[in-house]
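Q: Quick one: the structure is below, and I'll ask about it shortly.
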Amino acid sequence: MAGDLDAVCSFGQVGRTAALTGEGWRAVSFLGLLCSGAAYIFWYDALNMAGASQVAAFLYIEPFVTLIVAARLIHEQITWAALVGGAIILLGVWLVNRPTAASVETRTESVESGV
């Protein structure tokens, strides 16, 4: 039975959690509570402010942000392909979230009607 649990969870790495140091547990806690927890809070706040399709488009920015953070923190090399890919990502997010004539018209009507 324990072998089954090892096979299912992290490809047999379950037993290694006992070997984590205090620094390792702090890192896991930081990732779980601060990074993931804050991400969920921001995600649901964003869903309250915009539609799901608009908010979902921002998921595509994550690899680009990861590239920038990795370059700053661990001196990862940024290639031209990565920069072009990042530019395409930003363009796509802008295209999805740009105001269209219909959305501007709808906002103008709701402001005029007091809604």
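Q: When you go through (1) under 14 Å from the mean Cα position of the chain (by Cα); (2) at pLDDT below 85; (3) closer than 26 Å to Arg98 by Cβ one by one for Ile68, which number turns out not to apply?
A: (2)
Q: Find all pairs meeting these conditions: Cβ atoms under 7 angstrom apart; at least six residues apart or on different chains; first residue within the range 67-92 and within 23 Å of Ala57 (Cα to Cα); second residue among the aliphatic types (A, V, I, L, M) and assigned to a loop (DSSP other than H, G, I, E, B).
A: Leu67/Ile78
Q: Which condition from (1) at pLDDT below 85; (2) under 30 Å from Thr17 (Cα atoms); (3) part of a loop (DSSP other than H, G, I, E, B) is the one that Glu76 breaks?
A: Unmet condition: (1).
The values are calculated or read from the model by the stated rules, or taken from the named source; none is laboratory data. Note that the structure is a prediction, hence the values are computed from the model and not measured. Counting neighbours? That spans all protein chains shown, and the Cβs are built from the backbone with ideal geometry, glycine included.
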